[in-house]
Amino acid sequence: MRFAEKHNFEKPNDSRALRLMTKCAQTVMKELEDIVIAYGQSDEYSFVFKRKSNWFKRRASKFMTHVASQFASSYVFYWRDYFEDQPLLYPPGFDGRVVVYPTNQTLKDYLSWRQADCHINNLYNTVFWALIQQSGLTPVQAQGRLQGTLAADKNEILFSEFNINYNNEPLMYRKGTVLIWQKVNEVMTKEVKLPAESKGQKMAVTRTRTKPVPFHCDIIGDAFWKEHPEILDEDS
């Protein structure tokens with residue numbers, strides 16, 4: 001909260017901050033290729049390693065410190081790419097923890113919980129900041145207005161008072177970001193060697209690479225997992 005305030009993050013969501021978080025998560029995945037999926041929302045990211053991963057000889061402290069330090073250093077390194085006009089005022093910090101889940105179902109339940117949390121928090125924040133920015137309420141008044149309201153009540157306030165259909169809000173805000181490995185075709189420029197008397201020429205070459213690709217989709221239902229069975233492959 002303090003970091004967001006000091007660096008003038010947009011409310012209720014700052015797409016720059018969310019995209020920077022995803023860039024950092026992609027950097028972590030490229031560094032630690034045994035990560036099969038990552039899920040992020042707000043100021044957090046969860047990384048899932050292969051069941052049979054032997055990175056760091058499976059020492060929990062090594063997993064935690066390496067991921068956290070790689071993420072934090074990437075945040076500083078890429079900051080200017082997303083916040084061109086906002087200098088980084090002080091070093092950010094990220095905490096971490098390692099949890100071992102006994103079954104794939106338990107792991108899916110955890111990721112479902114994080115996505116459900118994303119929806120709950122974003123719906124609340126969307127209404128909360130609309131009341132402040134568009135209706136002129138103070139934070140205390142907005143909090144009081146929303147106290148005891150259900151999801152249907154919040155949706156009604158958004159639609160009736162601000163003409164906002166919550167279902168039309170960007171998926172990145174409502175669903176968070178899922179990172180999985182995908183094959184991607186990249187166009188690269190390659191210099192072609194010609195006889196000495198001729199000038200060199202450049203041509204476009206397409207190369208296929210496997211990269212962590214972001215998706216903003218539902219992971220609570222079964223459809224995502226049926227489409228990507230390799231993520232939770234028991235032999236991984």
Checklist entry - How would Glu31, Glu186 rank on accessible area, largest to smallest, probe 1.4 Å? => result Glu31, Glu186
Checklist outcome for this item: Rounded to whole angstrom, the alpha-carbon centroid of segment 21-81 lies from that of segment 83-133 at a distance of 15
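Kindly state, to the nearest 0.05, the FRET efficiency for Thr189 paired with Trp55, given R0 = 41 Å and r defined as their beta-carbon distance. Write out the running numbers ahead of the final one.
On the way: r = 35 Å, r/R0 = 0.84.
Efficiency, from the Cβ-Cβ distance: 0.75.
Between Ser15 and Lys62, what length in nm is gained on full extension when 0.36 nm per residue of separation is reduced by their alpha carbon distance?
Numbers: separation 47, 0.36 × 47 = 16.92 nm, distance 3.10 nm.
Here the segment from Ser15 to Lys62 would lengthen by 13.8 nm.
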Item to check | Length released on extending from Arg209 to Asn125, taking residue separation times 0.36 nm less the Cα-Cα span | outcome: 26.4 nm
Checklist outcome for this item: Heavy-atom accessible area of Val184, protein chains in place, probe 1.4 angstrom, given in Å² to nearest 10, is 40
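With the other protein chains left in place, how much accessible area per residue, in square angstrom, belongs to the chain at a 1.4 angstrom probe? It would help to have the intermediate numbers written out before the result.
Working: 14640 Å² over 236 residues.
Value for the chain: 62 Å² per residue.
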Next on the checklist: Just to make sure I understand: if all protein chains stay in place, what is the order of Thr210, Thr22 by accessible area at 1.4 Å, largest first?
Outcome noted: Thr210, Thr22
Checklist outcome for this item: Under the 7 Å Cα-to-Cβ spin-label approximation, Ala223 and Glu33 lie apart by a distance in nanometres of 3.2
Checklist entry - So what J values fall out for segment 26-32 if you push phi through Karplus, 6.51 cos²θ - 1.76 cosθ + 1.60 with θ = phi - 60°, rounded to Hz, Gly and Pro as x? => result 4, 5, 4, 5, 5, 6, 10
Checklist outcome for this item: Excluding ligands, DNA and RNA, the carbon-plus-sulfur percentage of the accessible area of the chain with a 1.4 Å probe reads 51
Checklist entry - Quick one: Karplus J couplings for segment 141-157, per residue in order, coefficients 6.51, -1.76, 1.60, θ = phi - 60°, nearest Hz, x for Gly and Pro? => result 5, 5, 4, x, 5, 8, 4, x, 7, 9, 4, 4, 5, 5, 4, 5, 4
Checklist entry - Across the chain, how large is the tail of the calculated P(r) beyond 23 Å, expressed as a percent of all Cα pairs? => result 60
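Taking the Cα centre of the chain as origin, work out the dipole magnitude from +1 charges on Lys and Arg Cβ and -1 charges on Asp and Glu Cβ, in debye rounded to 20.
Values: 31 positive and 28 negative charges, 187 e Å.
Using Cβ point charges on Lys, Arg, Asp and Glu, the chain gives about 900 debye.
The values are calculated or read from the model by the stated rules, or taken from the named source; none is laboratory data. What you are looking at is a predicted structure, and each value in this text was computed from that prediction instead of being measured. When we count neighbours, we look across all protein chains shown, and the Cβ atoms used for this are built from the backbone with ideal geometry, even at glycine. Ligands, DNA and RNA are excluded from the accessible area calculation, which covers all protein heavy atoms including side chains. Shrake-Rupley method; radii C 1.70, N 1.55, O 1.52, S 1.80 Å.
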